[in-house]
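Novice: Supplied in structure tokens, the structure appears directly below.
The values are calculated or read from the model by the stated rules, or taken from the named source; none is laboratory data. All values reported here derive from a predicted model rather than from experimental measurement. Don't worry about glycine lacking a Cβ; one is built from the backbone with ideal geometry, like all the others, and counts go over all protein chains shown. Side chains are part of the model used for accessible areas, which takes the heavy atoms of the whole protein and leaves out ligands, DNA and RNA. Shrake-Rupley method; radii C 1.70, N 1.55, O 1.52, S 1.80 Å.
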Amino acid sequence: MADSREPIAALPPTPRVAADADSRLRSVFLQHQLVAGLPRLPGVAPTLAKFVVGQIVDRLLDVPGGLEPLMLLQRDPALLARSTAVAVYAVLFARAAGWPDERLADHGAAAMLHGLGRVLDDGAAARAGFAWLAARGCSDFWLRAALVARHACGGAADETLPVGVATVRLAHAVLELLELGETGLPVALVRHPAAADVAPELLELAAAVLAGGP
């Protein structure tokens, strides 16, 4: 993935130039806000992080009501910055696992919204986030986001997690390690409790991303 490649999920054309220009202005403004709040992300070039954030923002703008959860997250700037970082890593982990580019923007949006429940009900964040997102509608976009919110930061699973959830859980673990000041992220991630429910192949790919690999 690089700036010169086709977008992960291109916006559909609109018949009104003014409306399209307004959408682009909103997208650029939101991208700037989100990228400005990102911490340094080991293994991720700043231009790549900006590109991923841009595709996620465009996808949220393309979904009716897609900005509503983002506005809720803006109530907690620290949570918003953390969620954006989780989204960037989750997209890169999923891409390393072979997900096609056309699925990555939706996945990144779901990853960004995974902690929405902390704004709604911090004492029952997973349940609150799931309920709020599921109530948005029955489209694949909202259902995927709801399921990620419900399971991405939960306790140990009885079996290996689905890749979509596992990438978000691994990204969440990376942010925890960064906040603890961990420097040897690839090794530390393998030892993190979240790794126990992740397929070994995905864990290896995630560690390679952190090490600056493909």
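Novice: So which residues in region 37-77 are part of a helix (DSSP H, G or I), open to solvent by 80 Å² or more (accessible area, probe 1.4 Å) and of a type outside the set (Asp, Glu), if there are any at all?
Specialist: Hits for region 37-77 are Pro46, Thr47, Lys50, Met71, Pro77.
Novice: Show the residue pairs meeting these rules: Cβ distance below 6 Å; 6+ apart or different chains; first residue within region 135-152 and closer than 17 Å to His172 by Cβ; second residue of a type in the set (D, E, K, R).
Specialist: From region 135-152, the pairs are Ala152/Arg169.
Novice: Does Leu25 qualify as being part of a helix (DSSP H, G or I), at pLDDT below 90 and under 16 Å from the mean Cα position of the chain (by Cα)?
Specialist: no
Novice: Considering only region 162-210, state which residues are in a loop (DSSP other than H, G, I, E, B), modelled with pLDDT of 90 or more and of a type in the set (A, V, I, L, M).
Specialist: Leu180
Novice: Restricting to region 78-130, name every residue that is more than 15 Å from Val52 (Cβ to Cβ), out of contact with any Phe, Trp or Tyr (no Cβ under 8 Å at 6 or more places or on another chain), part of a helix (DSSP H, G or I) and of a type outside the set (D, E, K, R).
Specialist: The answer is Ala78, Leu79, Leu80, Val119, Gly123, Ala124, Ala125, Ala126, Ala128, Gly129, Phe130.
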